[in-house]
Amino acid sequence: MNQEQAPRRGRDGFEDLPPATAPGTVLALLLASLGGVLVALVLLPRWLPDLSASLSGPQAHGYWFLARASAWVAFGLLWLSLVMGLLITNRLARLWPGGPTAFDLHQHASLLALAFALFHALILLGDRYIGYSPATLLLPFASHDYRPISVGLGQLGFYALALVGLSFYVRRLIGRRLWRAIHFLSFAVFVLVLAHGLGSGTDSGTVWARGVYWASGASVLFLTWFRVLVSRSGRAAPPASQGAPSPECSP
Ligand code: HEM
């Protein structure tokens, strides 16, 4: 760099350098700081009593609400993962959302479902009404005081989901055949969790929850039926079409 191109420097060498932070970022920082003050001065004093009552008072429902909210997120993610897997194998993913995107969604949604399901189960330890111990929570069908059968189905579903989700990481180690066998468990996980939600959930009595269970069950059933059709027609097709790549990421 010649002397004309070099930035002009003052005596200490830094006077003419541009500011390290853009003006928009500085403004955002100052606004965030004002927002923090507003929350601390105005909102927290109003919210904290209710918040602590909902987590530790005699009418504490906070952990129960958290368990139910995370249950629905886990269920939605599980459904998404299964649908993406089926879209890959029945080749509809080529139309939408594209093979690689469907594969990423399939894998990430199943791991996220596992994380939300773990939260859903463990947070129940804080719910005084259900009164779970770590043993009743983790042992299938040990929830003696609250719907042991349907909660047990959820517990089995959780362990199967963990097996399926984590099997992505040992695929090379265990070989394709065993991996595929484990992966087929995804259907069982969905059925177990559907029965679990229907049988043990407080929301099961509501129209919207039943609608969600019906719609998710029907969509999985339809895509599975379509997948069977595609694989049958693939088998019956002449050799030229048998060369089409066969997706391996889903049962
Ligand atoms: C150790 C495993 C599990 C335990 C102990 C467990 C426990 C429970 C309990 C006690 C309820 C009833 C909550 C209530 O409404 O009062 C429930 C509901 C529910 N669980 Fe689980 N569950 C487990 C695994 C799962 C998994 C793996 C999923 C989904 C991926 C799931 C999804 C749901 C759904 C959707 C509901 C209905 C929520 C509602 O209607 O408000 N659960 N679970």
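Read the figures in this text as sums done on the coordinates, not as results from a lab. Quick caveat, the model's predicted, so the values are computed rather than measured. Backbone-built Cβ (ideal geometry, glycine too); neighbour counts: all protein chains shown.
The table for this structure:
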| quantity | calculated |
| --- | --- |
| Max mean-square fluctuation residue, GNM over the chain, Cα-Cα springs under 10 Å, options 153, 44, 229 | 44 |
| Phi to ³J(HN,Hα) by Karplus 6.51 cos²θ - 1.76 cosθ + 1.60 over the stretch 207-220, Hz, x for Gly, Pro | 5, 5, 5, 4, x, 5, 5, 4, 5, 5, x, 5, 5, 5 |
| Dipole axis of the stretch 61-233 (+1 Lys, Arg; -1 Asp, Glu on Cβ), positive-most option in 71, 123, 219 | 219 |
| GNM top mover of 18, 58, 140 - the chain, alpha-carbon springs below 10 Å | 18 |
| Karplus-derived 3J(HN,Hα), 6.51/-1.76/1.60, for each residue of the stretch 85-97, Hz, glycine and proline x | x, 5, 4, 5, 6, 8, 6, 6, 4, 4, 6, 6, x |
| Summed side-chain charge close to residue 204 - residues other than residue 204 whose Cβ falls under 15 Å, Lys, Arg +1, Asp, Glu -1 | +2 |
| Phi to ³J(HN,Hα) by Karplus 6.51 cos²θ - 1.76 cosθ + 1.60 over the stretch 141-155, Hz, x for Gly, Pro | 6, 8, 7, 4, 8, 9, 5, x, 5, 6, 5, x, 5, x, 5 |
| Residue of 94, 147, 177 that the Gaussian network model of the chain assigns the largest fluctuation, springs spanning Cα pairs under 10 Å | 177 |
| Extended-chain gain in nm, criterion 0.36 nm per residue less alpha-carbon gap, residue 128 and residue 198 | 23.0 nm |
| Alpha-carbon radius of gyration plus Dmax, which is the widest Cα pair, for the chain in Å | 26.2, 82 |
